[in-house]
1. Tell me the net charge near N246. Cut-off is 11 Å between Cβ atoms, N246 excluded, with +1 for each Lys or Arg and -1 for each Asp or Glu.
2. At a 10 angstrom cut-off on C-beta neighbours, averaged per residue, how do the peptides 106-117, 368-379, 301-312 rank from highest to lowest?
3. Considering only protein heavy atoms, what per residue accessible area in square angstrom results for segment 358-417 with a 1.4 angstrom probe?
4. Compute, for segment 274-417, the length of the dipole vector about the Cα centre, with Cβ point charges of +1 (Lys, Arg) and -1 (Asp, Glu) only. Units Debye, rounded to 20.
5. Antiparallel versus total DSSP beta bridges in segment 232-328: what percent is that, nearest 5?
6. How big is the dipole moment of segment 78-205 about its Cα centre under a simple scheme where the beta carbon of each Lys and Arg is +1, that of each Asp and Glu is -1, and everything else is neutral? Debye, nearest 20, please.
7. Using mean Cβ contacts within 10 Å as the protection proxy, how do 176-182, 62-68, 272-278 order, highest first?
8. Tell me, how many Å apart are the Cα centres for segment 370-441 and for segment 161-225?
Amino acid sequence: MSKKPDSPDVTEVMGQPEEENEDIGAQFYREHLRQLERSLGEVEIEDHVQLVLSEPKNEVIVNFPVRLDDGRYELFTGYRIQHNNIMGPYKGGMRYHHDVTLDEVKALAALMTYKCALLEIPYGGAKGGIRINPHEYSHREKEAITRRFTHDLGHNIGPDYDIPGPDMGTNSQTMVWMMDTYMNMQGMNDKNAKRRVVTGKSLASGGSRGREKATGQGVIYCIQEWANENGLRLDGATFMLQGYGNVGSNAAQILTRMGAELVAVQDHTGAIYNPEGIYPRKLAQWVNEQGGVQGYEGAQALEAEEFWAVECDICIPAALELQIDADVAQRLNCQVVVEGANGPTTVEGDAVLQERDIDVVPDIMANAGGVVVSYFEWVQNKRSERWQLQEVDSRLHYKMKMAYHEMRAFAREHAIDNRTAALAVALDRVNQVYVERGIFP
Ligand code: GLU
């Protein structure tokens with residue numbers, strides 16, 4: 001792989017000029033294109049491949065009504081963006097969040113293409129979601145919304161075509177509703193063969209052991225590799241977390257068991273701090289009952305501005321995109337940022353981190369554990385098998401380690417940062433397949 005002398009400007013190809021007052025989704029998509037552009041400068045990618053990757057293959061938008069508990073009808077907008085499937089079926093999560101937009105889902109879908117390619121799992125990339133605040137709806141309403149959404153997506157999803165998984169605001173229950181709805185749209189004979197149309201299901205309904213904690217576990221495998229490389233002892237190390245959902249709380253529990261201390265956490269309700277260490281399990285219980293970290297008795301409250309400046313070894317953003325901008329990057333007081341979230345750092349944020357010698361393990365590497373174990377779940381369903389947790393974990397460990405060192409080798413060889421390297425490795429793999437297969441007709 002050699003450096004391409006004058007790769008075209010992706011933002012130009014894609015016609016996405018910077019706009020004032022753009023929403024967070026549009027900003028995120030633009031940031032993604034800027035990052036992509038940097039990686040395209042490091043690896044030889046055919047122009048036609050760049051063109052293909054510049055937009056998603058399919059953008060499915062469905063508007064559907066659901067009757068709420070009080071008898072009113074509400075119209076919901078659901079998205080499924082299929083970015084690319086040259087490497088295998090489309091794969092990616094379904095997000096339920098009040099900020100979901102088409103552009104946000106487009107950026108997230110593209111990241112899935114590169115994540116799957118980097119981890120060498122035989123999938124393309126997709127993402128979907130509904131623009132709702134799931135906390136505002138009852139259990140029954142969420143079920144009705146999910147089932148009607150799945151129904152209206154119809155054959156835009158399928159076990160060998162596009163396989164949704166969980167993301168922010170969705171969980172194993174959401175996935176089981178999707179699976180059941182899809183199965184009921186099939187003929188009697190092969191209903192059960194369709195179980196793998198979604199992953200991240202509960203164990204009882206065909207999920208995999210280890211899927212629930214997989215993203216958090218993958219974050220920790222990356223931290224272990226980084227710590228080995230950089231001589232950080234995890235026993236006694238300190239870390240901070242933004243977001244205390246599935247990824248954050250699992251990562252905290254695993255890292256604490258290794259002897260590290262959780263010193264600060266921030267979520268949508270506030271920020272908390274305890275230099276003596278916060279108990280991750282107790283905090284998870286609190287968040288479950290109270291809906292957020294605010295008010296947790298085992299720590300003191302912290303102002304939002306103070307949060308990012310907390311001194312620690314490892315910072316794990318595990319919430320939304322675009323959190324670490326230049327200003328936050330300037331305030332961080334850690335050795336490494338390990339991205340449990342997708343797209344948490346802006347291009348300017350990255351530049352400041354580099355300047356300040358703060359390392360980054362980027363999203364498509366650090367949070368890939370979820371989709372890797374989703375793939376294991378899909379394979380188990382296909383083979384009618386159920387693997388032991390130990391087997392899932394050791395296979396995940398191997399995959400994360402391999403990808404991590406491929407990213408690092410590329411970064412060293414080209415003297416570039418990990419994010420640019422991770423994307424370049426993924427782009428190179430996708431490019432190779434396009435070059436071999438060509439474009440139809
Ligand atoms: N939402 C997760 C991600 O961003 C997992 C997706 C999946 O399991 O399909 O990687």
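1. Once all neighbours under 11 Å are counted, the net charge is 0.
2. Sorting 106-117, 368-379, 301-312 by mean packing, highest first, produces 106-117, 368-379, 301-312.
3. 43
4. Dipole magnitude for segment 274-417 comes out near 980 debye.
5. So the antiparallel bridges amount to about 45 percent of the total.
6. 200
7. 176-182, 272-278, 62-68
8. Using only Cα atoms to place each centre, the spacing works out to 19 Å.
The values are calculated or read from the model by the stated rules, or taken from the named source; none is laboratory data. Just so it is clear, the model here is predicted, and its values are computed rather than measured. Backbone-built Cβ (ideal geometry, glycine too); neighbour counts: all protein chains shown. Areas reflect the complete protein model, heavy atoms only, side chains present, ligands, DNA and RNA absent. Shrake-Rupley method; radii C 1.70, N 1.55, O 1.52, S 1.80 Å.
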